[in-house]
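**Student:** Structure provided below as structure tokens; questions to follow.
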Amino acid sequence: MADTKTDRPTYAANYIKGDFEQAVYLDDVHSDNLMTAFLGLGAEHWALRRRVMVLEKFMAENKVIDPALVEAYDPTPEEKIAWEAERDDFIERTFSVLTRVTTDIAGPVPTKQVPARKPGQS
């Protein structure tokens with residue numbers, strides 16, 4: 001039987017937020033921004049892909065719907081508005097890193113601010 005005493009010691013530590021969004025790992029901050037966005041896209045894509053696989057499995061097992069109906073679905077105007085909001089949220093989560101201002105670090109102490117380029121700048 002599991003120990004149900006609540007006074008036993010635990011080994012969990014409190015969460016300490018790092019400053020990872022300020023770090024530069026590659027040659028320049030723009031490469032880091034692209035890499036961070038790419039990794040975010042990969043994480044988002046896999047989470048959605050896995051969810052779709054589970055839903056498709058349940059639909060097939062329970063004969064809920066023909067997959068062709070999913071492909072042919074035309075959303076209502078209200079759904080289009082809601083989906084556009086979801087899309088905008090997704091874009092903000094994954095691509096906002098491309099506009100971040102980071103600190104270029106050559107060692108343990110940051111040396112200078114490196115601003116992101118503004119649209120139209122070369």
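Taken together, the values in this text are just the output of simple stated rules run on the coordinates, not laboratory data. Nothing here was measured: the structure is a model prediction, and the numbers come from that model. Heads up, the Cβs are rebuilt from the backbone with ideal geometry, glycines too, and the neighbour counts pull from every protein chain shown.
**Student:** Please sort by residue number the chymotrypsin sites (Phe, Trp or Tyr not before Pro) in the stretch 54-98 whose DSSP state is loop and whose Cβ has at most 10 other Cβ atoms within 10 Å.
**Tutor:** Here the chymotrypsin sites (Phe, Trp or Tyr not before Pro) that fit, given the DSSP loop and packing criteria, are Tyr73.
**Student:** A further question follows. Within the set of other residues whose C-beta is less than 14 Å from the C-beta of Glu86, count the net charge using Lys and Arg as +1 and Asp and Glu as -1.
**Tutor:** Values: positive: Arg51, Lys80, Arg87, Arg93; negative: Glu44, Glu78, Glu79, Glu84, Asp88, Asp89, Glu92.
Computed value for this residue: -3.
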